[in-house]
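Below you'll find the structure, written out as C-alpha cells, and then a few comments.
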Number of protein chains: 2
Amino acid sequence: MSRFLTLIPYLAAQRILKTSAKPRYLIRTIQVTKSHGHICHEPVYSRLTVPNSAVSKRDGYVINASDTFNASDSDPVQLSVFDQVHTGSPIPEGFDAVVMHEDIREDVNGNITILKPARPGQNIQKAGSEIKTGEMIIPADHVISPEDIGAMIGYGITSVQVKKIVVGLIPTGDELKEPCTAPGPGEVIASNCEMLAASLVTIGIETFIYPIIPDDPKKIRDTVEEAVGECSFVIISGGSSTGCRDHTKDVLTAIGTILYHGVAMRPGKTTLAAIVQDIPVFGVPGTPAGALAVLRGLIIPWLSDIGYPVPIHHSIPVTLADSVPSELGTDDFVLMVVGKVGDEYKAMMVPREGGQISAVKSNAVLHIARNSEGIGKGKKSLVHMTRCSPPPDNIYLFYGMYDPILDVLDQYLRKLNKRIYVREASLESTLLSMQKNTVHGGIIIRPRNNGLNVLEHGYTNTHQKLCTITVADREYILAASVFPNYDSLKEFAFPKIPDHSFLYEIQEQFILNHQINPLLIERIEPECKTELEIVQQIIQEKIDFGPCSASLASEYDLFGPVIGSERIDLIVKQDDAQSEQINALQEILSSEEWRSESGHLQGYNLKRSGQICCLKEH
Amino acid sequence: MSRFLTLIPYLAAQRILKTSAKPRYLIRTIQVTKSHGHICHEPVYSRLTVPNSAVSKRDGYVINASDTFNASDSDPVQLSVFDQVHTGSPIPEGFDAVVMHEDIREDVNGNITILKPARPGQNIQKAGSEIKTGEMIIPADHVISPEDIGAMIGYGITSVQVKKIVVGLIPTGDELKEPCTAPGPGEVIASNCEMLAASLVTIGIETFIYPIIPDDPKKIRDTVEEAVGECSFVIISGGSSTGCRDHTKDVLTAIGTILYHGVAMRPGKTTLAAIVQDIPVFGVPGTPAGALAVLRGLIIPWLSDIGYPVPIHHSIPVTLADSVPSELGTDDFVLMVVGKVGDEYKAMMVPREGGQISAVKSNAVLHIARNSEGIGKGKKSLVHMTRCSPPPDNIYLFYGMYDPILDVLDQYLRKLNKRIYVREASLESTLLSMQKNTVHGGIIIRPRNNGLNVLEHGYTNTHQKLCTITVADREYILAASVFPNYDSLKEFAFPKIPDHSFLYEIQEQFILNHQINPLLIERIEPECKTELEIVQQIIQEKIDFGPCSASLASEYDLFGPVIGSERIDLIVKQDDAQSEQINALQEILSSEEWRSESGHLQGYNLKRSGQICCLKEH
C-alpha cells in the first residue's frame, strides 16, 4: 500500500462521478400529507372532478338570466323564480346565473328586483373547470411542494408513490465511541455520520447509520456488502487515507471498482469513490471538516448532476474582509462568516483548524479553484451560504479586542435573529479594515476616561472620523477572600504588579486615595502579570488583596470595593453611526431589555450602555 | 353583521401583527440527532475536552525534540527513544514532537535517523485546543444546523432543549369532507390545513390539525379555546368572510380581541387576526389560494418580524413576459412561472382563477404593492421563489399552440430536473414575445411540408431570423371501426368537413390518390367541425370512415391507413439555436432516450424529432 496519494483534480472527480455513478432509487408509497420534498415516482391523476357540479362563485341569488334580459335602472324587473346561494353552493336545476346582493334590491317581503340584465353563466363556476377526473395533477419526477399536497388531497389523493434516496452511512475507526460514553485518551465520539445524515435530510434524503465498525477489513467488507444491498448509495466515514489503519480502499478494491482515490481539494483530499454491485460507495475522511467538504463539494453536486432535485445553492457575492491563501493545484473550501456592511456583503475567515467548532461559527463556504493561490483582502468573490439563520443581513462583523460580554451581546442579538461576530485583531488592523469598509467597526477596551488618545491618533492616521458606542463598563475591585478590617491591619500585603499596567495604576490610585502609609505597604514577590495570578495569590493567602475584574473575582468568591473600571466600546465611523444597521445596534445597547438581560452579569456596569461619543480629531 | 369588510392596508396589517401578536414558544427536550432546524432554548456547553489528551496530527514517530536539535543533512542524528504513532493517537508520556515518515530515514533494523531539528510541539494538537469542558458550543436561540449536530454529538451532548412553535390548524365549513370520502355536490375535500401544515413544516414549525368543524359558532368556539390552551398560535381555515355562514369573527369577538378583519390584499382579503388568552388566532379564507397568500404574506413575515428564524426568502429579479394588472389600493400576490431565457430570468403569469392546480404549476409569487395598477410586459420586477426544483435556470418558457406531446416532453425533462411550461398564445403574440426575449420560443403545429409561409411572413414582420426544431409528427389516419374492403364498397360515406380545413385537405387528397369515383362518394350531414365529431359519427355508424389523428383514433379503438400528418415544431431565433439552453433541448429531442421514452405514444412519429430547419426570409 502506497503511503502517498496521487490526487486527481477536483473537477475530474466531479466528471467521473457524473458519468460513472448512479444511485438506486427506492420506490415507496407514502401518505400525501408526509410527501413534502419527495420526488413523485409516477404522474398523479385526479380522482375527482372539481368542482363536482356547477357552483356559485358568490353569495347571492340564483336566477334565470333570460328573466332579466329586459331589466334596466329605469325599468327594473321583479323576479319570481330565484333562490338564495352561498359561495361554493351547487346551482340548483333550472337556474343559469348568480346575482350578488349588491346588484339587486330586496324588499321587506323578500321580493327581489334586478336593475340590469344578467349574463347566462354569470358568477357560476362550471363543473370540472378546475380539474376533471383522470387529468394529471403532477407529473412523475415532480418535487412535491405544500401546494401540491393541498391539490392532491383536494383532488381525492391520499397516498403517493415516491422515489427515495436512502443513504447508508458507515462509521469506521478504532478510536470511535458511541455517544453517551466517556472517550479515553485518543478516543473520540463518532459524530460524522450524524452530521452527514442531518445534511442529507435537508435535501430530502433518508439515511441509515450502521453501527460503528473498527478498523478491521473483514468487518468493513461485510458491512459494505450489506449496505449496497439495501441502500441507494453508501458513504464510509474514516479509513479513507493511506495509513496502516486505512482499509477502505483495499476493501473496495476487493469487492468493486475504484473510481478515484485522492482528490486535490482541501479539506477532504483523502476521499475515494467506488462502484460495488452497481452501487456507488464513497469514502470520506474521518475529520468532520473533511467529511462535510466531500459531501458538499462532490456528493451533493453529483446528485444534482444526475438530475436529483437538490435545492438551489444560495450563493452571494461578497467582499473578503481577510486575505485567504490557497495552495495552487488544490480546490480549497474555506469556512467563512458573511455579514452585510452597508450595502455589501463581507466575508471573514473562520479559523481553519478549529475543528467542529469552526463549522459551528461559520455560515458560508468560499470555494477557491485550483488555479488560484488565494484571494486577497478586499477582493470580490462568491460564497455559498451554508446557514441562513440569522440572515447575513442581520450579522455584525467586528474586529478588535475580546471580552466575554460580547458573547452575552451575541446571545441577546440571537433573540432578534441577529448576530455579532468578533475577530480578535490589533487596533491598527481594525482601523484599516474599517477604512476598507470590510467590517462594521471595532471593539476597544480601555481604562475609563482614558485611552482614547491612541484611538484618536489612529483615526488621524487613517483619516476616519470615528465615534464610540459603549457596550459596558467592566469593573475592577480590590479583591479579598475575607473582608479586611483596614484600620486594624498592621501591614498591607499587595501584589507586585508591572509598572504602568492598568492593574498597577488602579492599585496605586487606591493607595493614594486611602492615604495608606507607604511604610506599611508590602509588595509580595513574585510579580503578578495577569489578574488570574493575583487571584491565585489571594487564595493562597500570600497577599491580603489585589486588583482584579469583578467578574473574575466573583468566579472565585472574592469581593471588595470597586477601584476602577475599563470601558468596552464599539468604534464605528461617524458616517455610519446613523446607518440603519449601526443605529439598530445602538438602540439595542440603549434598551432596557438589554440592560436587564445582561444585568445578571457580575462585574459589569451597564449604565452607559448605548452612549455615543464622537471623537475629535487629534 | 355587515356584509362588507372595511379593508386595512396590507402594511398596516403587518404592523399590527408585529406590535400586538406574540406566539407562545413550547420548550421541549429532543435528541440532538433530530434537532436540525430547531431553535436552541439555552446555550449548549461542551461535556468534553477535545482532544482529551495531546494527540498526533500525523502518522509518524513521537520523539523528543531535544534529541534532534543538532541534526542536519550532513550530520543526521540516530534516535534511540521514539515510538510509532497514528493521526489522532495520544502522545505517550515523555515525548514532545511528532516527525512524519518523509522527514526521517528508516533502516531495515527499524532504526530511525533524523536530518533536521524538530520543534517541540511539532505536529501535536494540544489537549482542549478545540474545546474544553464547559465552553459554549452554541448560544441560545441558535438555529441548529448539521454542523452543530456534529459538534454537539462530538462534544458529548445527546439531547438539547429547543423552543418549538406548534400551530393549531382548525378546518371549518359545512362543505368540508375528510380525505377518502366522496364529496357530494357543493362539497369539497378539506385540504387547506394539510397545505398550510406542509408549508409550516418547511420552516421548522410543527402543526396539529383539529378535526373538521362545521359552521357552528359553539363548536368553533370550543375548538379555538382548546387550541389556544395547547398551541403557540392558531389558524382557523374558512369562515373568515362576512357571509351568513362565516362565524370566525363573531366567535373571536366573543372570546378575544380582534386585531383586524379585512386586509387589502389579493388573494386573501377576507382574513382576520385576534388575540385570545394572549395567543394569536388567525382566520384565513377557505380557498387554498387565499389561505396560502395570507400564510406567506402575513403570518410568515410576522414570524420573521418577531425574531423567529424564517429562512431567507429567495427572491430574484425577473423581466415580466406578461402584463400583470392589479387593483389600486390592494397588495396583489400573483402566481408566476419563472424560467431563464438567455442570461435573464423571465416570469409568466399562471391563470389566476385556476384553483389549486394553478399553484401546482407556479414556482414564484409576484407581489404588486397597493400603489400600483399593475406591471407592464417587459418590465423588471422582483419575484419570490416558492419552489426551487427544477431551478428556474432549467425551466423553458414557450408560447404557442398546445399538443399533448408537450406534456410528455415536460415529463421527460423532469427526469433531468428540467421543465417546459407552454402557454397557449397566438402566433403573432408568440413572435412578439420572442422579439422581446421574454420566452425561449414558440410552438407551432402545421401540416407537414406546409404552413411555414405564415411563419416566414411573421418573421419578416418582426425581423427575426427563425428556425424550427421538430418535436414530432402527429399522424392522421382514415379511421374506421372495422377494416373496410374498399373494393367491395358500393359507396363511400365520408364525413362532410368544412372546406380548406386540414382534415378536409387530407380527406380530399386521399380520395384523389385512390382515384375513387366521385359518384360513389357520399358526404354525410351534419358537417363535422372537429375530429371528435368525426369519431362520434364513425362509432354511430353514420359514416364508414373519416380523417382523425391517430392518437384520438386509438382512444376509440379505430384504425386505418395514415393519410397525412401535422408537424409539431419549436420555433426559436436562429441566434439562440446554439445557445446552451436551446442546444440542450435540441439534443434531448434528438436523443434515442427521448424517442424510446415517448415511443409508446400512439399516433406520433418521432423520426424527425430534434431536426433543425432554418427559415429563409420571405
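Projecting the Cα atoms of B:MET401, B:SER232, B:THR19 onto the charge dipole of chain B (Cβ charges, centred on the Cα centre) puts B:THR19 farthest toward the positive pole. Each residue of region A:105-114 was assigned a 3J(HN,Hα) from its phi angle through the Karplus curve 6.51 cos²θ - 1.76 cosθ + 1.60 (θ = phi - 60°); the sequence is 10, 10, 9, 5, 8, x, 6, 10, 10, 10 Hz, with glycine and proline shown as x. Measuring between alpha carbons in the structure, the pairs from A:LYS346/B:LYS34; A:LYS34/B:LYS34; A:LYS219/A:LYS269; A:LYS18/B:LYS340; B:LYS34/B:LYS415 lying more than 27 angstrom apart are A:LYS346/B:LYS34; B:LYS34/B:LYS415.
Over 24 Å, how big is the tail of the calculated P(r) for region A:125-261, in percent of all Cα pairs?
Beyond 24 Å sits 49 percent of the P(r) for region A:125-261.
Entry note, chain B: the mean residue ellipticity at 222 nm calculated from DSSP H runs of n ≥ 4, each adding -39500 (n - 2.57), is -7000 deg cm²/dmol after division by the residues and rounding to the nearest 500. Comparing each chain alone with all protein chains together (probe 1.4 Å, DNA, RNA and ligands left out), the residues of region A:180-214 losing at least 20 Å² of accessible area are A:CYS180, A:PRO183, A:PRO185, A:GLY186, A:ILE189, A:SER191, A:GLU194, A:MET195, A:ALA198, A:THR202. Relative to the other identical copies, A:ASP393 shows label-point distances of 2.3 nm, where the label point lies 7 Å from Cα along the Cβ direction and values run shortest first.
The GluC sites (Glu not before Pro) of region B:34-141 that DSSP puts in a loop, and whose beta carbon has at most 11 other beta carbons within 10 Å, are B:GLU93. Taking label positions 7 Å along the Cα-Cβ direction at both A:TYR556 and A:GLN515, the computed distance is 3.2 nm, reported to one decimal. Helix A:580-590 and the long axis of chain A differ in direction by around 60°, with both axes built from C-alpha atoms. Rg then Dmax, both in Å and based on the Cα atoms of the protein assembly as shown: 37.5, 143. Close amide-amide hydrogen proximity is noted between B:ARG352 and no other residue 5 or more places distant or on a separate chain, at a cut-off under 5 Å (H modeled in the peptide plane; Pro and chain starts excluded).
Can you tally the net charge around B:ALA369? Count Lys and Arg as +1, Asp and Glu as -1, for every other residue whose Cβ sits under 10 Å from the Cβ of B:ALA369. Counting the neighbours of B:ALA369, the net charge comes to -1.
Peptide A:88-95 is shielded by partner chain Cβ atoms: per residue, an average of 3 of them sit within 10 Å of its Cβ.
Percent of accessible area on region B:142-247 owned by carbon and sulfur, 1.4 Å probe?
53 percent
Looking at the P(r) of chain A, how many percent of alpha-carbon pairs lie beyond 38 Å? Counting every Cα pair in chain A, those more than 38 Å apart make up 58 percent. The dipole here belongs to region A:1-149: it is taken about the Cα centre, uses +1 on the Cβ of Lys and Arg and -1 on the Cβ of Asp and Glu, and is about 1820 debye. If you take the charge dipole of region A:55-125 about its Cα centre, with +1 on Lys and Arg Cβ and -1 on Asp and Glu Cβ, which of A:VAL77, A:GLY88, A:ILE112 is farthest toward its positive end? Farthest towards the positive end: A:GLY88. Amide H to amide H, with H built 1.01 Å from N, B:ASN363 comes under 5 Å of B:MET336, B:VAL337, B:VAL338, counting only residues 5 or more places away or on other chains. Under a 5 Å amide H cut-off, with hydrogens placed 1.01 Å from N, B:ALA264 pairs with B:ILE8, B:TYR10 among residues at least 5 apart or on other chains. Ranking A:PHE483, B:PHE333 by solvent-accessible area of protein heavy atoms (1.4 Å probe, all protein chains present), from largest to smallest, gives A:PHE483, B:PHE333.
Take every DSSP beta bridge whose two residues both sit in chain B; close to 70 percent of them are antiparallel. When only the Cβ of Lys, Arg, Asp and Glu is charged (+1, +1, -1, -1), the dipole of chain B relative to its Cα centre reaches about 1700 debye. Just the protein heavy atoms count here, and of the accessible area of region A:481-559 at 1.4 Å, carbon and sulfur take up 52 percent. Of the solvent-accessible surface of region B:55-125, computed with a 1.4 Å probe and all protein chains present, 44% belongs to carbon and sulfur. In sequence order, region A:406-413 has phi-based couplings of 5, 5, 5, 5, 4, 4, 5, 5 Hz under the Karplus curve 6.51 cos²θ - 1.76 cosθ + 1.60, θ = phi - 60°, and Gly or Pro positions carry x. Using 1/(1 + (r/R0)^6) with R0 = 51 angstrom and r between the beta carbons of A:LEU416 and A:ASP305, what's the FRET efficiency to the nearest 0.05? That gives a FRET efficiency of 0.80.
Counting from the shortest, the label point at A:VAL562, 7 Å from Cα toward Cβ, is 9.5 nm from the same position in each remaining copy. Our summary gives region A:247-329 a relative contact order of 18 percent, counting only alpha carbon pairs under 8 angstrom and 6 or more residues apart. One residue of chain A places its C-beta nearer than any other to the axis carrying A onto B; that residue and its whole-Å distance are A:HIS314, 3.
Taking 0.692 mPa s as the viscosity and 37 °C as the temperature, the Stokes-Einstein diffusion coefficient of region B:481-559 based on its alpha-carbon Kirkwood radius rounds to 257 µm²/s. Solvent-accessible area per residue in the protein assembly as shown equals 43 Å², computed with a 1.4 angstrom probe and all protein chains kept.
Relative contact order of chain B: what whole-number percent is it, with Cα pairs under 8 angstrom and at least 6 residues apart?
Worked out over chain B, it gives 11 percent.
Since only A:GLN161, B:TYR45, A:VAL471 are under comparison, the one whose Cα sits farthest along the positive direction of the charge dipole of the protein assembly as shown, derived from C-beta charges on Lys, Arg, Asp and Glu, is A:VAL471.
Using a 7 Å projection from Cα along Cα-to-Cβ, the label point at B:ARG28 is separated from the same position in the remaining copies by 2.0 nm, smallest value first.
Per the accessible-area calculation with a 1.4 Å probe, the total area buried between chain A and chain B rounds to 6800 Å².
In debye, nearest 20: dipole of the protein assembly as shown around its Cα centre with unit charges on the Cβ of K, R (+) and D, E (-)?
1080 debye
Computed from phi, the 3J(HN,Hα) profile of region B:217-234 under the Karplus parametrisation 6.51, -1.76, 1.60 (θ = phi - 60°) reads x, 5, 5, 4, 4, 4, 5, 4, 5, 5, 5, 5, x, 10, 10, 6, 7, 10 Hz, with x in place of Gly and Pro.
The values are calculated or read from the model by the stated rules, or taken from the named source; none is laboratory data. Because the structure is predicted, anything quoted here is derived from the model rather than measured. Here Cβ is always computed from backbone atoms with ideal geometry, including for glycine, and neighbour counts include all displayed protein chains. The accessibility values were calculated without ligands, DNA or RNA, using every heavy atom of the protein model including side chains. Shrake-Rupley method; radii C 1.70, N 1.55, O 1.52, S 1.80 Å.
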